[in-house]
1. When you go through 223, 204 one by one, which is the residue that is assigned to a strand (DSSP E or B), in contact with a strand residue (DSSP E or B) (Cβ under 8 Å, 6 or more places away or on another chain) and surrounded by 14 or more Cβ atoms within 10 Å (Cβ to Cβ)?
2. Does residue 316 fit the bill of being under 23 Å from the mean Cα position of the chain (by Cα), part of a strand (DSSP E or B) and modelled with pLDDT of 95 or more?
3. State all residues of region 294-307 that are crowded, with 22+ Cβ neighbours inside 10 Å and touching a helix residue (DSSP H, G or I) at 6+ places or on another chain (Cβ under 6 Å); if no residue qualifies, say none.
4. May I ask you to verify whether residue 369 is within 17 Å of the chain's Cα centre (by Cα) and surrounded by 24 or more Cβ atoms within 10 Å (Cβ to Cβ)?
5. Out of region 114-142, which residues are in contact with a helix residue (DSSP H, G or I) (Cβ under 9 Å, 6 or more places away or on another chain) and on the phi > 0 side of the Ramachandran plot?
6. Taking region 178-200 as the region of interest, how many residues are in contact with a helix residue (DSSP H, G or I) (Cβ under 6 Å, 6 or more places away or on another chain) and without any contact (Cβ under 8 Å) to a residue 40 or more places away in the chain?
7. If a residue must be more than 22 Å from residue 186 (Cα to Cα) and under 20 Å from the mean Cα position of the chain (by Cα), how many such residues does region 465-479 contain?
8. Could you please give the count of residues in region 136-152 that are assigned to a loop (DSSP other than H, G, I, E, B) and over 22 Å from residue 661 (Cα atoms)?
């Protein structure tokens, strides 16, 4: 699980929407961060500190792991939408063979491609809604013909190309066609699987799954055959003559090749984990992925680490299929102190959770927590990136073997350094609230992200025989993200933070707690600007935040809605009521998870998390209309280059920065960005 869009400081910052109000004064960092704006998206360069000082063996290890991350990205692009790869090929070929293409059409294609690259497909990674190409079908076909005359290689030719373009027409131009990559709450009562445009299922409904047991729940595409039977098409490379290759066997074989190249430079525990991961990629078996998770969790000390595989289930409307992702990172010792303190004292927090003692862990095991410098993120991990991660997601592995949490230091820094000041003060009720937000934004953010991951996701236990992800199904991911947020919000005012030297004194603690609650409350408004159409929230992190604030407003005296000068403000009316309400809600959410109570989860989500107040959303959009504030951010990754001697041996690995999304994405696709027109 991850803190992806966890915190929103309405008047100052919203994580994953260019987080802070302004770069810190007096900084000596002259590096370029904010590269451009495309619609609601900020394009930001991700910088990494300390790579040049790493030993050569660690640089080489990171290089090979990063190559594995790049090798698998098309798997995720295809998982998101069945037309994505063909669509990308058509548009990238136009872009790279653009001489003579109408300038207005080409500009529309460039902008669309940037959104496509950031979101790994036509649909937004944030709202799940589809982006449209800002030209018409005739103009696109003219651009295709011009590109072909310039030597472009399209994914089809002749009649097949014309048929493909006909199929792509509604994808690109029809706002009513396959509108959401994931749609968990269709307005018209459609089945959640057929209403979702992702490529995890073909022709399958939730009714079809009754009585069907999946052998490959994470790493397969589920297809309904003509005879009505269900077939799991597993992602795997295959193994000799014993196990046949599966879907995306060639890219997975390339991932394996790079992982094998990494093993000689890894620590013994990491080498073992990579070996088990390779075996899993060959077999595709769920038991082998479980063994990999156990081996990965056991490696708590390696300074380099990677996440690679079919992991998070947010994109699946029923919360079962894993999206492919990869991340490569190394320890950030300068930022390590805070997160390690939470890991060290995790039992203290567990013993004081406000939920039933039967659901607490009597012995917190195996929690590893690190601040990291991330070097490469792909698939479901990038270009839209989390700010914190806690894995593995398997509840039984967590309880028996532990988990690993990371906070992405350089990602959070890049948000701050790339920020714009224009949204300042718009959603703060008064100057006092604004000043609190300004004073505590960085401290509260760091505390909440670390508590969310380390003592949030890693806390609690489930009853024997309960798999909450299966039992709670489509409501589980949002419920679990809400549970982790609730843990952080419950302890944000704890005197333990003063004892751990994370907050200076009790007066500061009280003010920080108020600022954090105000920010979280405001965010139920400010996040609405991302969902410009429709009446439901589909993204799980957005759902969990609305669920918490809506429940508090309905069940406590903690929140007051105020109207002034035609504007709505959500205010914290009582800090103690806010805190006590969080404790009560956390108690119920943990019970729901521990018991696998789907009916209660459904009631909670449908009452408080799913539906949008359209009138309020429209007001928020009007208030943001004149503000220079992007809705979310896509990151350009650092570029690693292997320096080799005459024999081909790597003698160094250098890091550089493309400072251009198109350059990086076209290079990853095997194409070259055209010269400036």
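The values are calculated or read from the model by the stated rules, or taken from the named source; none is laboratory data. Model, not experiment: these values are computed from the prediction. Because the Cβ atoms are built from the backbone with ideal geometry, glycine has one as well, and the counts that use them run over all protein chains shown.
1. After applying the criteria, what remains is 223.
2. No: the conditions fail for residue 316.
3. 296, 297, 304, 306
4. no
5. Result: 120, 121.
6. Qualifying residue count, region 178-200: 1.
7. Of the residues in that region, 0 qualify.
8. Of the residues in region 136-152, 3 are assigned to a loop (DSSP other than H, G, I, E, B) and over 22 Å from residue 661 (Cα atoms).
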